[in-house]
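Here the structure comes first, spelled out in structure tokens, and everything after it is commentary.
FYI, it's all coordinate maths here, none of it is from the lab. This one's a predicted model, so the numbers in the text were calculated from it and none came from an experiment. Cβ placement follows ideal geometry from the backbone for every residue including glycine, while neighbour counts extend to all protein chains displayed.
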Amino acid sequence: MKLYTFFRSSASFRVRIALNHKGLKWEHSGVNLPKGEHLQSGYKSLNAQGLVPALEDGGRLLTQSLAIMEYLDEVHPGPKLLPPDPVDRAYVRAFSQIVACEIHPLNNTRTRKNIAKTYKLDEEGVNSWYRHWIAEGFQMMEGFLAQEKRHGKQVYRDHVTMADCCLVPQVFNAILYKCDLKPYPTVMRIHEACMKLDAFIEAQPSKQPDAN
């Protein structure tokens, strides 16, 4: 397997965690987003979306982080990223989508560049936008966990799932942007528990070959 990834991409980070957790061997292929490599013809001929991550497996190309993680769970052995019970699976998917659908699209690089240009925002103006949506999204995560009462050390009891693969990279980004995370003790407790596990440690941005 070959993963097209960028070390600071939170979506790529999710898939790196999933691959590591399942004990799968994979080849790193860096795509430099600041240099625009994802928009060049070579990469876009492979992935027309021009996004990372993308995963090559057995001659097939998989895109979009949540779809890739579900694919890995369905076709490869190793610890499951989704629970066996349909209601529990829906719970894990719902939490994952709070990150992937409610927070990430509002704060990704394309969005930040667009609002800076369109509304003539300086760096602090863009960072204020970022922190606003982090606060809204993290309130959703914290409230969801409190209401559902299915969490333990991880989002789903004491089992690493796709939800944890989404939570941890989002926390990394929030820390990078100096967001106030004290109002979200359950989210942060889960993050700390996950970051004691090798799959998460080895997937973090600073450990990637293209981080240098």
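A few comments on the model shown:
- Taking a ≥ b ≥ c as the square roots of the eigenvalues of the Cα gyration tensor, region 8-147 is oblate, since a/c reaches 1.5 or more and a/b is not larger than b/c.
- Nearest-0.05 FRET efficiency for ASP85 and LEU181, computed from C-beta distance (R0 30 Å): 0.45
- Shown for LEU51, LEU197: other C-beta atoms within 10 Å of each C-beta, ranked fewest to most, produce the order LEU197, LEU51.
- The order of CYS194, CYS179, going from fewest to most other C-beta atoms within 10 Å of their C-beta, is CYS179, CYS194.
- Applying the criteria of a DSSP loop state and at most 13 other Cβ atoms within 10 Å to the trypsin sites (Lys or Arg not before Pro) of region 76-128 yields LYS120.
- Note on the chain: antiparallel DSSP beta bridges, both residues inside, total approximately 60 percent of the bridges counted.
- Rounded, prolate or oblate (a/c below 1.5 giving rounded, otherwise prolate when a/b exceeds b/c) for region 86-199 by Cα gyration tensor: prolate
- Principal semi-axes of the equivalent ellipsoid, √(5λ) from the alpha carbon gyration tensor of region 22-96, are 28, 15, 10 Å from largest down.
- Note on region 118-172: Cα-only Rg and Dmax are 14.8, 46 Å.
- Count, lysine Cα pairs under 27 Å in region 86-199, 8 or more residues apart or across chains: 10
- Cα gyration tensor shape for region 57-111, rounded if a/c is under 1.5, else prolate or oblate: oblate
- Charged-residue dipole, Cβ positions (Lys, Arg, Asp, Glu), region 86-199 about Cα centre, Debye nearest 20: 160 debye
- Net +/- balance of residues flanking VAL126 in space, Cβ distance below 15 Å, scoring K and R +1, D and E -1: +4
- Likely footprinting exposure, TYR119, TYR4, fewest C-beta neighbours within 10 Å first: TYR119, TYR4
- Sum of -39500 (n - 2.57) over DSSP H runs of 4+, divided by residues of the chain (222 nm, nearest 500): -16000 deg cm²/dmol
- The residue among ILE175, LEU72, ALA18 whose Cα reaches farthest toward the positive pole of the charge dipole of the chain, with charges on the beta-carbon of Lys, Arg, Asp and Glu, is ILE175.
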